[in-house]
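Note sheet for the following structure.
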Amino acid sequence: MTDLKTISPQRAAELMRQGAVLVDVREADEYAREKIPGARHHALSRIDAEHPARPGDEILIFHCRSGARTKGNAPRLAQAAGSCAAFVLEGGLDAWKKAGLPVAQDRRQPLEMNRQVQIAAGSLIVAGVALGWLVNPNLFALSGFVGAGLMFAGITGTCGMARLLDLMPWNRRTASAA
């Protein structure tokens with residue numbers, strides 16, 4: 001099996017009431033802040049090392065935030081599902097919420113790391129441009145440095161800013177909540 005069929009949020013909720021397992025493949029920081037009640041967390045980054053299917057599972061429904069991660073990794077997820085019937089939640093958590101289905105939120109948890117990086121990088125770039133314009137043209141280099149760091153992160157998959165932000169005190173809650 002190389003691809004998984006998609007199902008609507010309403011159909012997924014119906015299957016869950018019949019015993020299907022909803023598997024959230026987002027990372028722990030995303031799951032800690034907002035999740036579908038009853039969903040089992042199993043990050044996509046762990047799929048190859050540890051399968052999400054457990055004894056007694058018959059149907060697995062995979063979801064992420066928008067559906068893009070699950071659709072893009074459907075062959076891996078199908079393999080990870082083993083002998084279980086498996087589906088992808090069309091539109092992910094966003095579609096689930098749009099359908100008016102229940103979501104549990106914990107606003108005490110930090111923002112997802114990806115969003116923190118976007119906020120920090122954007123702020124540093126704007127600051128570099130403003131300082132370069134208003135104080136000294138050499139300060140435009142700050143924006144260039146951040147841009148180069150983002151390119152490096154995209155090419156290598158290693159983000160120094162995310163590693164630094166992960167050490168911040170507000171991000172220590174996620175580990176205990178996941």
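The numbers here are math on the coordinates, done by the rules we state, and not lab data. Bear in mind that the values here come from a model prediction, so they are computed numbers and not experimental data. Positions of Cβ are backbone-derived with ideal geometry, glycine not excepted, and every protein chain shown enters the neighbour counts.
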Can you grab the distance from the C-alpha centre of the range 101-128 to the C-alpha centre of the range 144-170, Å, no decimals?
14
Gain on full stretching of the segment that runs from residue 48 to residue 156 - 0.36 nm per residue minus C-alpha separation:
36.9 nm
Given the rule -39500 (n - 2.57) for each run of at least 4 DSSP H residues, summed and divided by the residues of the chain, what is its mean residue ellipticity at 222 nm, to the nearest 500 deg cm²/dmol?
-13500 deg cm²/dmol
Once normalised by the length of the chain, the mean sequence separation of its alpha carbon contacts under 8 Å that are 6 or more apart gives a contact order in percent of 25
Please state the Cα pair-distance histogram of the chain with 10 angstrom bins from zero: what percent is in each bin?
10, 30, 29, 19, 9, 3, 0
Per-residue Cβ neighbour rank within 10 angstrom, fewest leading, 60, 164
164, 60
Test of understanding: what is the full-extension gain from residue 3 to residue 120, defined as 0.36 nm times their sequence separation minus their Cα-Cα distance?
38.4 nm
Please list the three semi-axes, largest first and in whole Å, of the ellipsoid equivalent to the range 5-105, using sqrt of 5 times the eigenvalues of its alpha carbon gyration tensor.
18, 15, 13
In nm, spacing of pseudo-spin labels at residue 163 and residue 130 (7 Å Cα→C-beta vector):
2.9
The residues 97, 35, sorted from fewest to most surrounding Cβ atoms within 10 Å, come out as 97, 35
Taking one equal scatterer on every alpha-carbon of the range 113-177, how large is log10 of I(q)/I(0) by Debye at q = 0.13, 0.23 1/Å?
-0.42, -0.94
